[in-house]
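This report concerns only the one structure given below.
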Amino acid sequence: MRIYELGEGTPEVAVVGSIHGDEPCGERAIERFRAENPSVERPVKLVIANEEALEAGVRYLDTDLNRSFPGDPSADTHEGRLAYNLARELRGKTVLSLHSTQSYAEPFALIEEVDAIARSVCPYLPIEYLVETGPFAVGRLIDHPHTVEVECGLQRSDEAAANAYWIVRAFLSATGVLPAPIEGDVEPPLSLHRRDGDEVTVFRLLDQIPKGPAEDYRVFVDNFQRVAPGDPVAAADGEAFNAESEFYPVLLSANGYEDVYGYAADRLGTLA
């Protein structure tokens, strides 16, 4: 775990990147931001979480870090011990956790449930969609109070790293660490205007969509777009299945997870 602190005093705000070693966008964004030696108005902690997995280029060494919280200092696994130490570093802080995905190229946010932090922070982030994870947050960092997770784009892409950098700046602006999200001559690839609550659509995860063993997987629906009953959803080795009821796909992809395609969600409305 690599930790930086900027500013004077005890940080109440933190940014975490690369919880998964196959998602380098967080590390790249944090190192880019730190290299600029920014002037901050509040202290902030920057954490690159799973350095060992990142160096090895794998998602995790022993077990998924983002399913290991709150962790245990005497755990048999690297990630079990790391989860405990990371949770201690983040205690009492408002946290942004940076991720990337194989399912969707544009940034979107996840939170255990919409609360005051979501309502105050998410309008400043360059996102259209906010997902309530509810019971699916168990074991994830998002289960930590006052934590917003953002999927910044496609794994290992330059676009995800660039998005992550500007998401960091937007989050730090929302939490009073930076005076404004845009500084310098570089134009952000994302719109950083403050959104109204009705510009952010909220979904809630309902269930996982299981994926059985196969050689070839296909997905026929688009994330965040309504799937009607009877619509074809996905196929494994040519055997397709259809939707039994209406839902909205979230984190759905052919290859993102080992045993599930992703999640079925309900559309709740907007953040307003």
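How many percent of all Cα-Cα pairs in the stretch 25-162 sit more than 25 Å apart? Percentage above 25 Å: 26.
Ignoring ligands, DNA and RNA, what percent of the 1.4 Å accessible area of the stretch 152-219 is carbon and sulfur? For the stretch 152-219, the apolar C and S fraction of the accessible surface comes to 45 percent. Report note on the peptides 53-59, 152-158, 23-29: ranked by the mean count of other C-beta atoms within 10 Å, highest first, their order is 23-29, 152-158, 53-59. For the residues Ser74, Ser173, Ser97, Ser191, a 1.4 Å probe over the protein chains yields an accessible-area ranking, largest first, of Ser74, Ser191, Ser173, Ser97.
Here the stretch 108-262 was treated as a single set of alpha-carbon atoms; its pair distances binned every 5 Å from 0 give 2, 8, 16, 18, 18, 15, 11, 7, 4, 2, 0 percent.
Between Asp266 and Val114, residue separation times 0.36 nm minus the direct Cα-Cα distance comes to 53.3 nm. Taking all protein chains together and rolling a 1.4 Å probe, Asp198 ends up with roughly 100 Å² accessible.
Shape class of the stretch 35-97 from the alpha-carbon gyration tensor: oblate, with a/c at 1.5 or above and b/c at least as large as a/b.
Ligands, DNA and RNA are left out, and with a 1.4 angstrom probe the accessible area of the stretch 119-272 is 46 Å² per residue.
Please compute the per residue accessible area over the stretch 66-110 with all protein chains in place, 1.4 Å probe, rounded to a whole number of Å².
41 Å²
If a spin label sat at a point 7 angstrom from the Cα of Asn242 along the line to its beta carbon, the backbone N atoms of the stretch 197-234 nearer than 13 Å would be those of 228-234. Compactness ratio for the stretch 101-184: Cα radius of gyration over 2.2 N^0.38 Å (N = residue count) comes to 1.09. Between Ser39 and Ala180, residue separation times 0.36 nm minus the direct Cα-Cα distance comes to 49.6 nm.
Computed from label points 7 Å out along Cα-Cβ, the spacing between Ser191 and Ala56 is 4.3 nm.
For the chain, the fraction of C-alpha pairs farther apart than 24 angstrom is 48 percent. In this structure Phe136 has an accessible area near 50 Å², from a 1.4 Å probe over the protein heavy atoms.
The values are calculated or read from the model by the stated rules, or taken from the named source; none is laboratory data. What you see is a predicted model; the values in this text were computed from it and never measured. A quick note on method: Cβ atoms are made from the backbone with ideal geometry, for glycine too, and the neighbour counts reach across all protein chains shown. For the accessible areas, the whole protein counts, side chains as well, though only heavy atoms, and no ligand, DNA or RNA atoms are used. Shrake-Rupley method; radii C 1.70, N 1.55, O 1.52, S 1.80 Å.
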